[in-house]
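The block underneath contains the structure these notes are about, expressed in structure tokens.
Please treat every number below as a calculation from the coordinates, not as lab data. Predicted, not measured: the structure shown is a model, and the values here were computed from it. In this analysis, Cβ positions are derived from the backbone assuming ideal geometry, glycine residues included, and neighbour counts consider all displayed protein chains.
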Amino acid sequence: MGTLRIPVLRLDGVDEEQKRSEIRRVFQQTFSLYEELFEHLATAEAWYQKAIPLRHPLIFYFGHTATFYTNKFLVAGLIHDRIDPHLESIFAVGVDEMSWDDLDESHYDWPSVESVQAYRAQVREMVDEVIQNLPLTLPIGWDSPWWAVLMGIEHENIHLETSSVLIRQLPMAWVRPVPSFAPEPVDSHGTPVNVLVPIPGGHVRLGKEENDPRYGWDNEYGYHEAQLKDFAAARYLVSNGEFLPFVEAGGYRESRWWTEEGDAWRRYAKVQYPTFWREQNGGWFLRLLAEERSMPWSWPVEVNVHEAQAFCAWKSAQLGQNLRLPSEDEWRYLLHRSGLPASDAWQDPVPAQIGLAYGVSPCPVDRFPQGDCYDLMGNVWEWTATPIYPFAGFRVHPIYDDFTVPTFDQQHNLLKGGSFISLGNETQAEARYAFRRHFFQHAGFRYVKSENPLPEVPVYESDTQVSQYCHFHFGTERYFGVDNYPKAMADLCLALSQDRSRKRALDIGCAVGRSSFELARGFSEVIGIDFSTRFIQIAVLLQQRGRLPYAIYDEGELQSYHWADLDRLGLKDVAQRVQFFQGDAANLKPIYRDFDLVLAANLIDRLREPARFLQEMAQRILPGGLLVLSSPYTWLEEFTPKENWLGGVRRDGENRTTLAGIRAVLEPRFRLLEGFPLDLPFVIRETRRKFQHSLAEVSVWERC
């Protein structure tokens, strides 16, 4: 053996028909393999009774992967009619364990196994027909209709894993062996002695390029970079033998080793040892898919995050060292140092216990060396200390918008490297799967001794107004041919001040800060002030972190997810020239003075006393300095009492424009620059299909 059961698909090539045949073959193999897994179920109870309370019975997962094809093909426009609306409804959405005590006792009237088998046969025929007739252009990209086909294949790979875990948790009387899923023969050698291997620090970059020639889920795209300090990593995954002393020392009975969340799970579950361990007649056994074997002490222990963290705390006390799970950054760095090629380039024999290449079970942790460590890829998944988060540049795929986003809650930890049953995308270094910390998978862990900080996990800014302003400032650079307004205003200021002093600038009404950052390209010091504390908080966070995620509404309650990213906009290096403060434009502190330029964009028609604000500018702007005003002049009494409006009213029987009102306040201490006023359009996105298109009048005044 030593060959991947199903090869990894690539999205490129030169022969479309050859690629079509390859995709068709992989689809058929994957679809059949999944059905073959369910041959382990020997009784009706195995199909219809839950393996664990927090998941559906296995009949659901048998139908779910087939209905996924139908539902996603409908969304993608590959088909136009349903096959069985009833089944496609009840099998549509799986269960994500929200909590270890979130019991769902709902009654479902599940269909017969025979009816689901018949439905799967119809889906197989439908998908095969789509593959044979869908026009194909290489390479296959994110926007290609073929993406839905690949998505269905990879979705089935995911459920091959998760369903096999559930089968492992069924009573032995309900299952039977399947020859093609035979486990690895037990290796009789003892527990390998684990050691910490010194790892020199260095730079690591994560994220998949959009033109990568292999399928990826949405969370893999974008980028993340880190500079790691020296650290040390366990050579091996923690084996059953290495974990045993923790069990024998009463580790499952002592709260002190467990996090608060982990201890709550421990007490609720009344767990005494790993979930796949069995204690019988004074000896230890290991539960596999359809059999129990004498404990293979050299195989990796399979636990959840809580158990792994508790072991690390206990081991730290034994060794007098601070050990923890590796971060995603550290795992990726170890894999990069290993020199292991991408899985689509593996030659036989496969250099890892992965892809059903060597039996459907773990293997000894000292069998597959990969650089400094063993089993960075394969054997069992490796838990990390990193909750999943979006990379800069993350965007949701439109036909599966809830694959990743619900996991961006700091409750789902990443696991890396794949397991003995992993196929396709799961065998890629870039793969990012995350589960709740109490979740069981074919997953183990290694420990590290490290002073590297764990990546800060962002939470999407979802306040409607704040997010809308984030997008107005840092989102799409052009809508309907109209340039980004905060940047356009700053560019105008920089052009006007090119031959003037550029020491200090004030951006009053700066909102979330784009114009302030842009002004810092030319000015030595920029002050950004806004009345909204929330806006200023966002600007400061963005300045500190360089990027910030936010969510905006597309339609109804549906959202899309974006990043404000200073580096992408070329503003990272100048951001530290800006200082942000909360303040009232109509009551500024005396320290805000001696400016070479003041920008007040879309501000004066939102002030209670706009004339007072303009009058004070003479004391705050240096002679020869500029006051740049812009506004659509949407005067509203909720912001400005009508008697304080600068224009948009009739005075002494005549129409009075706002520009005339501004002129009356500013002259003679300011003069209007030649070429002004001018109109500058801006577009504010409210939803995917609703935008505000406005014209601001821009006037520029020089301090006399």
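What is the Cα convex hull volume of the stretch 287-440 when expressed per residue in Å³?
Enclosed volume per residue, from the Cα hull, is 149 Å³.
So what's the net charge close to VAL405: Lys and Arg +1, Asp and Glu -1, counting the other residues with Cβ under 11 Å from its Cβ?
Spelling it out: positives minus negatives among the neighbours equals -3.
Over all distinct Cα pairs, what is the inverse of the mean 1/r for the stretch 464-703, reported as the Kirkwood hydrodynamic radius in Å?
By the Kirkwood definition, the hydrodynamic radius is 18.3 Å.
Would you mind estimating how fast the stretch 15-87 diffuses translationally, via Stokes-Einstein at 25 °C and 0.890 mPa s with the Kirkwood radius over Cα pairs, in µm²/s?
The calculation lands on 168 µm²/s.
Averaging the inverse of every distinct alpha carbon separation and then flipping it gives the Kirkwood radius. What is it for the stretch 459-541, in angstrom units?
13.4 Å
Between LEU695 and ARG82, what is the FRET efficiency for a Förster distance of 51 Å, r being their Cβ-Cβ separation, to the nearest 0.05?
0.60
Assuming 1.002 mPa s and 20 °C, estimate D for the stretch 412-459 with Stokes-Einstein, Rh taken as the Kirkwood radius over Cα pairs, in µm²/s.
Answer from the Stokes-Einstein relation: 169 µm²/s.
What are the equivalent ellipsoid semi-axes of the stretch 160-214, built from the alpha-carbon gyration tensor (square roots of five times its eigenvalues), in whole angstrom, biggest first?
Computed over the stretch 160-214, the values are 36, 25, 12 Å.
Once you order the gyration tensor axes a ≥ b ≥ c over the Cα atoms, which shape class does the stretch 149-270 get: rounded for a/c under 1.5, otherwise prolate or oblate by comparing a/b with b/c?
Note, shape of the stretch 149-270 comes out oblate.
If a/c stays under 1.5 just call it rounded; otherwise compare a/b with b/c (prolate if a/b is bigger, oblate if not). Do that for the stretch 348-391, with a ≥ b ≥ c from the square roots of the Cα gyration tensor eigenvalues.
Prolate is the answer for the stretch 348-391, as a/c is 1.5 or above and a/b outweighs b/c.
Quick one: work out Rg over Rh on the C-alpha atoms of the stretch 188-346, Rh as Kirkwood radius.
Result for the stretch 188-346 is an Rg/Rh of 1.02.
For the chain, what does -39500 (n - 2.57) per DSSP helix run (n ≥ 4), summed and divided by total residues, give at 222 nm, in deg cm²/dmol to the nearest 500?
After summing the helix terms and dividing by the residues of the chain, the value is -9000 deg cm²/dmol.
Please work out the Cα convex hull volume for the stretch 192-450 and give it in Å³ per residue.
134 Å³
Obtain the nm distance between the two label points defined at GLU557 and ALA345 by a simple spin-label model: each point lies 7 Å from its Cα along the Cα-to-C-beta direction.
Label-label distance for GLU557 and ALA345, simple model: 4.6 nm.
Which of the peptides 443-449, 155-161, 580-586, 597-603 is most tightly packed, and how do the rest follow, going by the mean number of other Cβ atoms within 10 Å of each residue?
In descending order of packing, they fall as 443-449, 597-603, 155-161, 580-586.
Could you tell me the relative contact order of the stretch 16-179? Use alpha-carbon pairs under 8 Å, at least six residues apart, and round to a whole percent.
Once normalised by length, the contact order is 41 percent.
Distance between the C-alpha centers of the stretch 34-73 and the stretch 206-254? Whole Å please.
29 Å
Using Cα pairs under 8 angstrom and six or more residues apart, how large is the relative contact order of the stretch 493-600, in percent?
37 percent.
Ranked from highest to lowest mean number of other Cβ atoms within 10 Å per residue, what is the order of the peptides 116-123, 79-86?
The most tightly packed comes first, giving 116-123, 79-86.
Principal axis lengths of the stretch 279-346 from Cα atoms, whole Å, largest first?
45, 39, 18 Å, listed from the longest principal axis down.
Let me know the shape class of the stretch 606-655, please: from the alpha-carbon gyration tensor, a ≥ b ≥ c as square roots of the eigenvalues, rounded when a/c is under 1.5, otherwise prolate if a/b is greater than b/c, or oblate.
Since a/c reaches 1.5 and a/b is larger than b/c, the shape of the stretch 606-655 is classed as prolate.
Would you kindly derive the ³J(HN,Hα) couplings of the stretch 583-596 from the backbone phi angles with the Karplus curve 6.51 cos²θ - 1.76 cosθ + 1.60 (θ = phi - 60°), listing them in order in whole Hz, with x for Gly and Pro?
Karplus values, whole Hz, x for Gly and Pro: x, 9, 4, 8, 8, 6, 5, x, 5, 7, 8, 6, 9, 8.
Any chance you could run the full-extension gain for GLN498 through GLU22? It's 0.36 nm times the residue separation minus the Cα-Cα distance, nm to one decimal.
Full-extension gain reported as 165.4 nm.
Once amide H atoms are built 1.01 Å from N in the peptide plane, which residues 5 or more positions from LEU506, or in another chain, come under 5 Å H to H?
ILE527, LEU597, VAL598, LEU599
Give, in whole angstrom and from largest to smallest, the semi-axes √(5λ) of the equivalent ellipsoid of the chain, with λ running over the eigenvalues of the Cα gyration tensor.
Three semi-axes, in Å: 58, 30, 23.
When the Karplus curve 6.51 cos²θ - 1.76 cosθ + 1.60 is applied with θ = phi - 60°, which whole-Hz ³J(HN,Hα) does each residue of the stretch 398-404 get, with x for Gly and Pro?
Whole-Hz 3J(HN,Hα) from phi for the stretch 398-404: x, 9, 8, 7, 10, 5, 10.
Determine by what factor the alpha-carbon radius of gyration of the stretch 16-179 differs from 2.2 N^0.38 Å, reporting the quotient.
Taking the Cα Rg and dividing by 2.2 N^0.38 Å, one obtains 1.09.
Using alpha carbon centroids, what distance separates the stretch 604-645 and the stretch 652-671, in Å?
Result: 12 Å between the Cα centres.
What share of the DSSP beta bridges in the chain is antiparallel, in percent to the nearest 5?
Among the beta bridges of the chain, antiparallel pairing accounts for roughly 75 percent.
May I ask for the distance between the Cα centers of the stretch 445-517 and the stretch 311-366, given as a whole number of Å?
Using only Cα atoms to place each centre, the spacing works out to 39 Å.
Could you list VAL178, VAL14, VAL578 in order of exposure, starting from the residue whose Cβ has the fewest other Cβ atoms within 10 Å?
The order, fewest Cβ neighbours first, is VAL14, VAL178, VAL578.
Restricted to Cα positions, what overall size does the stretch 359-467 have along the principal axes? Three whole-Å values, descending.
Computed over the Cα atoms, the extents are 55, 37, 26 Å.
Given Cα pairs under 8 Å that are at least 6 residues apart, what percent is the relative contact order of the chain?
After rounding, I find 11 percent.
So which of LYS72/LYS270; LYS270/LYS315; LYS229/LYS315; LYS503/LYS572; LYS416/LYS449 end up more than 29 Å apart by C-alpha?
Cα-Cα > 29 Å for LYS72/LYS270; rest within.
State, to one decimal in nm, how far the label point of HIS189 lies from the label point of ARG256, with both points 7 Å from Cα in the Cβ direction.
The answer from the label model is 3.7 nm.
Report the GluC sites (Glu not before Pro) located in the stretch 470-561 that are in a DSSP loop and have at most 14 other Cβ atoms inside 10 Å of their Cβ, or state none.
Qualifying residues, ordered by number: GLU477, GLU557.
More than 20 Å apart: what percent of Cα pairs in the stretch 472-604 qualify?
45 percent
Semi-axes, largest first, in whole Å: what does sqrt of 5 times each Cα gyration tensor eigenvalue give for the stretch 575-670?
Working from the Cα gyration tensor, I get semi-axes of 25, 16, 11 Å.
Are there any trypsin sites (Lys or Arg not before Pro) in the stretch 261-363 that are in a DSSP loop and have at most 10 other Cβ atoms within 10 Å? List them by number.
Those that pass, being in a loop and sparsely packed, are LYS270.
Calculate one ³J(HN,Hα) per residue across the stretch 279-291 by plugging θ = phi - 60° into the Karplus curve 6.51 cos²θ - 1.76 cosθ + 1.60, and present them in order as whole Hz with x for glycine and proline.
Couplings: 9, 9, 6, x, x, 10, 10, 10, 7, 10, 4, 9, 7 Hz.
Whose amide H sits under 5 Å from the amide H of LEU323, counting only residues 5 or more places off or on another chain, with H placed in the peptide plane?
SER316
Give the long-range amide H neighbours of LEU228: residues separated by 5 or more places, or on another chain, with amide H under 5 Å away, using H modelled in the peptide plane at 1.01 Å from N.
Distant-sequence amide H within range of LEU228: GLY202, HIS203, VAL204.
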